[in-house]
Amino acid sequence: MAAKQESANPMGIQVLIVDDEPTIIAMLARILGKDPIFEMDSAQTGYEAIAAAQKKTYNALVCDIVLPDIAGPDVVREMKARQCCPELVVYISGAVSTAPRNMTGNMVFVRKPFNPSQIIQALMRANRS
């Protein structure tokens, strides 16, 4: 297996955003793009996210719970099995009103619609860990 791609900004927070709604990805890209500490990649399906995490090291994952191919918690479970899960997981959902049952440690649940500051505050936890 090829070596994982590392960030050009080692002090930055590398974020992988997974959502099947392009408007959510665009909004988060616009918000996170205002702060140079954040570097962001995106995927619209769970399997795209898993593939991306195998190629690059991320500090944080912002993942919709309901995706077209695989549920958000299953994305995290698969990333953990492949040893490519980011340190921080922020689950987001408009379809699910409660946090996933398997949430442990460095996991956060944010309900859609959300205030962008909720996501930024959660992501800053990755910078402290």
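The values are calculated or read from the model by the stated rules, or taken from the named source; none is laboratory data. Treat the numbers as computed from the prediction; the structure is a model and nothing was measured. Heads up, the Cβs are rebuilt from the backbone with ideal geometry, glycines too, and the neighbour counts pull from every protein chain shown.
Just name the residue that is surrounded by the most Cβ atoms within 10 Å (Cβ to Cβ) out of those in the range 17-37 that are under 12 Å from the mean Cα position of the chain (by Cα) and touching a residue at least 40 places away in the same chain (Cβ under 8 Å).
V18
Restricting attention to the range 52-66, does a residue exist that is over 12 Å from the mean Cα position of the chain (by Cα), surrounded by 17 or more Cβ atoms within 10 Å (Cβ to Cβ) and modelled with pLDDT of 90 or more?
no
Could you please give the count of residues in the range 67-81 that are out of contact with any helix residue (DSSP H, G or I) (no Cβ under 6 Å at 6 or more places or on another chain), over 15 Å from I17 (Cβ atoms) and without any contact (Cβ under 8 Å) to a residue 40 or more places away in the chain? Break it down into steps so the answer makes sense when it comes.
Going residue by residue through the range 67-81, those that are out of contact with any helix residue (DSSP H, G or I) (no Cβ under 6 Å at 6 or more places or on another chain) are 68, 71-74, 76-77, 80-81.
From what is left, the residues that are over 15 Å from I17 (Cβ atoms) are 68, 71, 73-74, 77, 80-81.
Now restrict to residues that are without any contact (Cβ under 8 Å) to a residue 40 or more places away in the chain: 71, 73-74, 77, 80-81.
Number satisfying all stated conditions: 6.
Does P73 fit the bill of being surrounded by 12 or more Cβ atoms within 10 Å (Cβ to Cβ) and at pLDDT below 95?
yes
Of the conditions (1) modelled with pLDDT of 95 or more; (2) loosely packed, with under 14 Cβ neighbours inside 10 Å, N9 satisfies every one except a single condition; which number is it?
Of the numbered conditions (1) modelled with pLDDT of 95 or more; (2) loosely packed, with under 14 Cβ neighbours inside 10 Å, the odd one out for N9 is (1).
Exactly one of these conditions fails for N59: (1) under 24 Å from P113 (Cβ atoms); (2) in contact with a Pro (Cβ under 6 Å, 6 or more places away or on another chain). Give me its number.
(1)
Does V108 satisfy being assigned to a strand (DSSP E or B), at pLDDT below 95 and surrounded by 15 or more Cβ atoms within 10 Å (Cβ to Cβ)?
Answer is yes for this residue.
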